[in-house]
Amino acid sequence: MTGALPHSHVVVLSGAGISAESGIRTFRGGGGLWHDFRIEDVATPDAWRRDPEKVLAFYNARRRQLYSVEPNAGHRALAELEKDFAVTIITQNIDNLHERAGSTNVLHLHGELDKARSTADESLVYELGGKDICLGDTCELGGQLRPHVVWFGERVPELERAEDIVRRADVLLVVGTSLSVYPAANLAFLAPSHARKILVNPEIPDTVGLEAFECLGEPAAQALPRVVEELRNR
Ligand code: NAD
């Protein structure tokens, strides 16, 4: 790998692929969740209005699985980066594997599986600690609780903050994302021209604009320990 300039702020943009080797299924691709579930049935505001019980069951099952899996070598390597750099992880993932690996600065663009939010007041957010959300579980205002996730068709409240962070990157690592869910995918292309840009994905996405990236066609748990070691030893 070549072309690095002095760098101090490492920004990581991660997607479902980084958690695949921990046993959490990605959404697309072979074995993806959307082969078994339809987005329109479980991950949209309409689905919630139509059949909240089904939506809750979908997320309750994901949450239970979260506690049966562990961070992998990819998550752990990124946590190591904090020893030498200011690191911000912007993740599309709703799992908590970056935090459990030791990363301390994680921005969840699409929310967090292990939190619930009030439907009466979206500023009321609660830790679930692995518990299910059931119909009839309410906030202190009496509003039904829903998963604290961003559904398809909803706005992404953290997007502007994420854009500002990427614009200040000296190194951008894009890991395990198909770059097909917008507006998150646009973030990959906002880093300044001086920034070193590295992409890790066993199936390099066919996306315009990736010419500026060093593309590593490998699984994250294999590539990231090497990438991180190289960055730290420069
Ligand atoms: P995606 O499912 O669209 O794409 C996953 C990408 O990861 C693919 O390009 C695939 O080639 C790649 N990949 C598969 N195995 C990999 C590995 N071992 N190492 C590196 N890359 C690997 O996921 P996305 O781009 O994150 O977008 C989908 C949406 O799905 C996001 O909004 C996210 O919120 C949600 N999601 C989250 C989780 C989670 O929290 N773990 C899981 C599934 C989906």
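Observations, loosely collected:
- For segment 26-153, a Kirkwood hydrodynamic radius built from all Cα pairs, placed in the Stokes-Einstein relation at 25 °C and 0.890 mPa s, yields a translational diffusion coefficient of 155 µm²/s.
- Relative compactness, segment 75-120, computed as alpha-carbon Rg over 2.2 N^0.38 Å: 1.28
- Karplus-derived 3J(HN,Hα) values for segment 114-123, using 6.51 cos²θ - 1.76 cosθ + 1.60 with θ = phi - 60°, are 8, 10, 10, 9, 6, 8, 8, 8, 5, 7 Hz; glycine and proline are entered as x.
- Membrane-span-like helices in the chain, defined here as complete DSSP H runs extending at least 20 Å along the helix axis by their C-alpha atoms with mean Kyte-Doolittle hydropathy no lower than -1.0, are 52-66; this is a sequence and geometry rule, not a statement about a membrane.
- Close amide H pairs (under 5 Å, H built 1.01 Å from N) link residue 107 with 89, 90, 91, residues at least 5 positions away or on another chain.
- Base-10 log of normalised Debye intensity for the chain (one unit scatterer per alpha-carbon) at q = 0.09, 0.10, 0.16 Å⁻¹: -0.38, -0.46, -1.13
- Overall size of segment 136-176 from C-alpha positions, given as principal axis extents largest first: 47, 21, 17 Å.
- Take each peptide in 180-187, 151-158, count the other Cβ atoms within 10 Å of every residue, and average; sorted highest first, the result is 180-187, 151-158.
- Our analysis of segment 97-150 gives Rg over Rh at 1.02, with the two radii drawn from alpha carbon positions and Rh computed by the Kirkwood formula.
- In this structure the amide hydrogen of residue 25, modeled in the peptide plane, comes within under 5 Å of no amide hydrogen from residues 5 or more places off or on another chain.
- For segment 93-207, convex hull of alpha carbons as volume per residue, Å³: 134
- The chain, accessible area per residue, ligands and nucleic acids excluded (1.4 Å, Å²): 47
- Cross-link reach list, lysines versus residue 115, counting only Cα pairs under 24 Å and skipping chain neighbours closer than eight places: 54, 131
- In this structure residue 119 has an accessible area near 70 Å², from a 1.4 Å probe over the protein heavy atoms.
The values are calculated or read from the model by the stated rules, or taken from the named source; none is laboratory data. No experiment lies behind these values; they were computed from the predicted model shown. Methodologically, a virtual Cβ is constructed for each residue, glycine included, from the backbone with ideal geometry; neighbour enumeration extends over all protein chains shown. In case anyone asks, the SASA skips ligands and DNA or RNA and just uses the protein heavy atoms, side chains included. Shrake-Rupley method; radii C 1.70, N 1.55, O 1.52, S 1.80 Å.
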